[in-house]
Amino acid sequence: MRPENDDFDPQSEEEQRRLEEDEEFRRRVRREILRVQSGEADEEIERDLEEERLEREEAEEEQSRRRHKRSRLLWLIFSGNILVNRSVAENYRYFAAIAAICFVSIVVMFTALHADLKYSRMEREVQLLRERSIRLQEQLHRRTTHAAMVEELRRRGIDLQDPRKPKAVVED
């Protein structure tokens with residue numbers, strides 16, 4: 001039994017593929033050389049340059065619009081669009097920390113204010129109690145003087161008698 005295909009190919013499939021790729025590359029180079037010589041390439045290069053220039057202008061215009069939008073920070077804040085701004089969204093956790101710190105600061109401030117009001121109220125009460133205490137002491141002193149005692153005893157009809165023994169000084 002003989003094989004049907006008697007042709008012997010000295011090149012392997014890989015070599016054949018590489019040769020085909022090289023040939024395709026050479027054809028492309030020749031076509032490009034012909035285009036450059038005929039002037040078609042110059043026109044295409046000019047079109048490409050014009051397209052690049054237009055793209056650059058559009059990009060610059062877009063950047064200027066972005067800068068203009070960013071410069072309207074106050075408008076972004078009041079409109080709420082600041083929440084969808086990418087640069088702000090990247091820093092949400094920092095803004096949340098700042099908001100928490102501000103909230104704690106406000107709570108501490110109001111707690112201190114409440115404590116100060118309570119202290120002032122208590123200070124006023126203490127002052128009133130001191131004044132009342134002084135008035136009561138004055139009344140007690142007025143009522144316990146010798147003349148006041150004599151007058152009160154007379155009013156009740158009791159005679160005040162001096163002690164029968166002479167006064168003696170007690171020494172330590």
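The values are calculated or read from the model by the stated rules, or taken from the named source; none is laboratory data. Values in this document were obtained by computation on a predicted structure and should not be read as measured data. Protein only, heavy atoms only, side chains kept; ligands, DNA and RNA dropped before computing areas. Shrake-Rupley method; radii C 1.70, N 1.55, O 1.52, S 1.80 Å.
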In cubic angstrom, how much convex hull volume per residue do the alpha carbon atoms of the chain span?
656
Probe 1.4 Å, heavy atoms of protein chains only: per residue, the accessible area of the chain in Å² is 102
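Percent of alpha carbon pairs in the stretch 93-172 separated by more than 21 Å?
Across the stretch 93-172, Cα pairs with separations above 21 Å total 68 percent.
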At 1.4 Å probe size, with no ligands or nucleic acids counted, give the accessible surface of Ile98 in Å², nearest ten.
90
Counting only protein heavy atoms, what percent of the accessible surface of the chain is carbon or sulfur at a 1.4 Å probe?
55
Residue-averaged [θ]222 nm for the chain, counting only DSSP H segments that reach four residues, each worth -39500 (n - 2.57):
-27000 deg cm²/dmol
Determine Rg/Rh for the stretch 37-105; Rg is computed over alpha-carbon atoms and Rh is the Kirkwood hydrodynamic estimate from the same atoms.
1.40
On the full set of protein chains, 1.4 Å probe, figure out the accessible area of Glu125 and give it in Å² to the nearest 10.
100
For the chain, with a Gaussian network of springs between Cα atoms less than 10 Å apart, report the residue from Gly157, Gly39, Gly80 with the top mean-square fluctuation.
Gly157
On Cα atoms only, tilt of 13-38 relative to the major axis of the chain in degrees
90
Running a GNM on the chain with Cα contacts under 10 Å, which residue among Gln63, Gln161, Gln16 ends up with the highest mean-square fluctuation?
Gln161
